[in-house]
1. Those residues that are among the small types (Gly, Ala, Ser) and over 38 Å from the mean Cα position of the chain (by Cα), I need them from the stretch 432-467; list them, please.
2. So which residues in the stretch 771-803 are basic (Lys, Arg) and surrounded by 16 or more Cβ atoms within 10 Å (Cβ to Cβ)?
3. Keeping to the stretch 610-631, report how many residues are polar (S, T, N, Q) and touching a residue at least 60 places away in the same chain (Cβ under 8 Å).
4. Tell me the residue from Lys500, Lys520, Lys504 that is at pLDDT below 90 and of a type in the set (Lys, Arg), please.
5. Report yes if some residue within the stretch 155-163 is in a loop (DSSP other than H, G, I, E, B), under 51 Å from the mean Cα position of the chain (by Cα) and either exposed (fewer than 15 other Cβ atoms within 10 Å of the Cβ) or assigned by TED's automatic domain parsing to the domain that holds Phe818 (or both); otherwise report no.
6. In the stretch 377-410, what count of residues is obtained for those that are among the hydroxyl-bearing types (Ser, Thr, Tyr) and in contact (Cβ under 8 Å) with a residue 40 or more places away in the chain?
7. Counting only residues that are over 26 Å from Glu219 (Cα atoms) and modelled with pLDDT under 80, how many does the stretch 807-832 have?
8. When the stretch 177-207 is examined, which residues are found to be within 11 Å of Arg816 (Cα to Cα) and either in contact with a strand residue (DSSP E or B) (Cβ under 8 Å, 6 or more places away or on another chain) or modelled with pLDDT of 85 or more (or both)?
Amino acid sequence: MDKTVFKNILQILIILIFNSFLAQENPKKTVKAPVINDSIAKKDTVVAAKESLEDILDTKADDIRRDVPKRMIYLNKNAQVKYQDLQIDADYISIDEERNIFYARGKLDSLGKYTELVKVNQGGKDYETDNFTYNTKTRQAIAYNARTEESEGLIIAQKTKKYNDSVFVMRRGEFTTDTYYIDKKDTRPDYHLLASHIKMQKGKNSSSLITGPVQMYIEDVPTPLIMPFAILPFSDKRSAGILIPSFGEREDVGFFLNGLGYYQPIGEHFDLKILADIYTKGSWNLRPEMNYLKKYRYTGNFSADIGSTVRGIKGLDNYSKTGTYRIAWRHTQDAKANPFLNFSASVDVTSQTFYNNTVNNNYIMDQSVLRTQQNSTLTLTKRFLKLPATITGTASYSQNFATGLSDLRLPQMNVAINQFYLFKSKTGTRSGLLENITVNTGLNLTNFVSTDEGELFTQAMWDKMQTGLKNNIALGTNTTFAKYFTFSLGATIDNALTTKTLTKFYDPIQNKQVDQVNKKLAGYSIFSTTASVQTQLYGQANFKKGNSIEAIRHMMTPSIGFTYSPDFGDEKFGYFRNYYDANGALTPYSIFDNGIVGTPTTGMVGALSYNIGNNIEMKVRAKNDSTGIKKVKIFESLNISGNYNFAAKSHPWSVITVNGQSSFFENKLSVNTSLAIEPYKILFAPGSETGIRTEDFGNFSIQAFNVQLSYPLSSEIFGEKKEFDKVYSQKGEIRNENYYFDDDNYAHFDQAWTLNVNANYAYTRTLSRTPTKIASVGLDGSIKLTPFWNITGSTHYDLVTKELAYTRIGFSRDQRSFTINFNWVPFGQYKVYDFFIGIKANILSDALKYKDRSFTQPNAPF
């Protein structure tokens, strides 16, 4: 027998005898002995002393070796250890029973590089590391190049030491939220934060990272963004904390901190964020914001912006200090919350010069600085299950930045009665004029005042407040006769009541006209009736075979109507009075002028109106259409309308209006036109710029003309995407960007682009000698330089003044885990730029961001 074989058999016998001796020792003790289970080929049970392992130890591997004298177990290839809440999977694991230490190492290649990492799961949390040491007694561990996923991010530390289940300390750790890198689709992240020391504190429902100095790297290139420390909370629950500001410097306002603030959740349904902007030259802004949400009930947001803008140097002519404010509230009720009662709010109240003086560039980029009016509304709507009525109460506030005046309606109530039929149908099917009579009616109560900003909610405002009540009744019916004609009848009655009237007179002492407002209850009633006949006519011109045009189809919808209303300016109604002006001329006026309920109509109306609607389509032969025929719209609509007033003492013919709408090139080019034609001759006195409308009928002249064109262009229209698929058969990915590859392995991609072209021309003359012309061409588009680089821009060129109007240029880069945006208004009243870099992940969106921007004061020289 070979000596080596004999030696091995002797060693096995000694081990078996030794194991049997240990198994028979203290057989009556109830302490559970640790068991080592080997799943490959055999299973051994090792009974250790009480002071060693405290629980069952399960192991398995392709190769298991024991060193009994040294009390060591070695597991090689596909090694696994399970102990208490710990599971280790590695290429190599050693177990030191003497020192109660597990050591695990990943798989190495011939160059000593790790090709597979150690996988550790403890307490349901996964970790990956090059090599790993764990003490079963102290539950402390040391890992090298460990990968730890927390919330949206990943930490890779050169060395990690676990002190207990809640405290981890790391040295030279990298943190990133790059999902591609986390999912191991790339070898390096597109950005990471490098910290020399990191402490991770874990709690029951949350954890946090506390670091020393942190530097940001983009594509492994260091950036100047360095923070002295960082605290990153990881929690599924909302938690209070400081919001990190962005910083920078601008010539007009100095160094600044933007967005410094604090976030505080309030209960289950509310949270509060308070932000502050601080500028070293004296400007400041305070921006509180509260959000609230109750599922299936309502959601809303309240925000404010209060601040002071300082520019120039105190004591010099260019110095200015302006206080600004903005208050906004949005509230939306879920439709399912209460179908019979709904409340909504859209409030946006600002100081008169807020958009022009704010240091916030966002209002320039979204063109808010070009606003001339801003509206706010509160609405409460009540519906009924059995009553055919809807009650709507509103409070509205409208600001006009051009005039400085504000219109306040507080409150306003509207009661709308659902449309109903006046007579019941005898057969169940309505026919004839009587059975088709419908009634629409309602009430509208309004309190209205027009005031300036300084008078809001003062006694002066309440003194100017007007109250009005209006009721409108509309009757209508229709029937068909002679098979092809529709006859319609209608009548409207307007009733109004107001608390204030007007008295006009000329004051010779002050030498001016005086408008005296009287606190007096007054009202009026007016009515009008209409009758009309309408039909539809069709015509089609067919062409010979072989022509590209098969037919032209014309649909005409002519209608003719008659409208009558009496002259409510007659003295017998009492709605109008006369006064002598400064020249002694008797001048009529209405006691309801400048009032909230409007003014009754004057002059008898007995007008015959006409309207001719047209729709013209063309059928052309098309090879690429399945039917062989394609419809082309020449005019989607072409309407001609006007009237002749038999009761008018002069100028019975009205201005003729023509409106057209069409689209061409497969509905891509949209064209809208309008035309106003004056049927009477207009004469101009020498040196006068305003003409006189004569009674000379038949001298038609164009008084107004407008045409608007819009054409959207894009790469898809020209089929460029399909062409790429045909030319380049190979596809691939570079850094998360998809490309096509040619035979020389050069990368190409579908370079999508859009370009919206719009043009506008308006000509207005009326009674002026010199017409007013407006002509402009606008461009608005975008183009992708690469799959994630995008350039956008918009501009308008005024063809009359030959100047560029508001123009904006911008580019953006959509990285995997952060975005870069740049917007620039290169010239004009507001010449600014805005540059921003920010992390997408929620945990860092408010913490890691960089802004740089400029601001040119309105009307300042460039």
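The values are calculated or read from the model by the stated rules, or taken from the named source; none is laboratory data. The shown structure was predicted, so the numbers you read here are calculated from the model rather than taken from an experiment. Cβ: placed from backbone, ideal geometry, glycine included. Neighbour counts: every protein chain shown.
1. Just the residues of the stretch 432-467 that are among the small types (Gly, Ala, Ser), to begin with: 432, 442, 450, 454, 460.
The answer is Gly432, Ala460.
2. Going residue by residue through the stretch 771-803, those that are basic (Lys, Arg) are 773, 784, 802.
Across the stretch 771-803, the qualifying residue is only Lys784.
3. Within the stretch 610-631, the first condition is being polar (S, T, N, Q), and the residues that meet it are 611, 614-615, 624, 626-627.
Subsequent filtering for residues that are touching a residue at least 60 places away in the same chain (Cβ under 8 Å) retains 614-615.
Number of matching residues: 2.
4. Values: Lys500 fails: at pLDDT below 90; Lys504 fails: at pLDDT below 90.
The unique qualifying residue is Lys520.
5. From the stretch 155-163, those in a loop (DSSP other than H, G, I, E, B) are 163; that's our starting set.
Add one more test, that the residue is under 51 Å from the mean Cα position of the chain (by Cα), and what stays is 163.
Of the ones still in play, those that are also either exposed (fewer than 15 other Cβ atoms within 10 Å of the Cβ) or assigned by TED's automatic domain parsing to the domain that holds Phe818 (or both) are 163.
Looking through the stretch 155-163, at least one residue is in a loop (DSSP other than H, G, I, E, B), under 51 Å from the mean Cα position of the chain (by Cα) and either exposed (fewer than 15 other Cβ atoms within 10 Å of the Cβ) or assigned by TED's automatic domain parsing to the domain that holds Phe818 (or both).
6. Narrowing the stretch 377-410 to residues among the hydroxyl-bearing types (Ser, Thr, Tyr): 377, 379, 381, 390, 392, 394, 396-398, 403, 406.
If we keep only those that are in contact (Cβ under 8 Å) with a residue 40 or more places away in the chain too, we end up with 381, 397, 406.
Selection size over the stretch 377-410: 3.
7. So the answer is 6.
8. Thr177, Asp178, Tyr181, Pro189, Asp190, Tyr191
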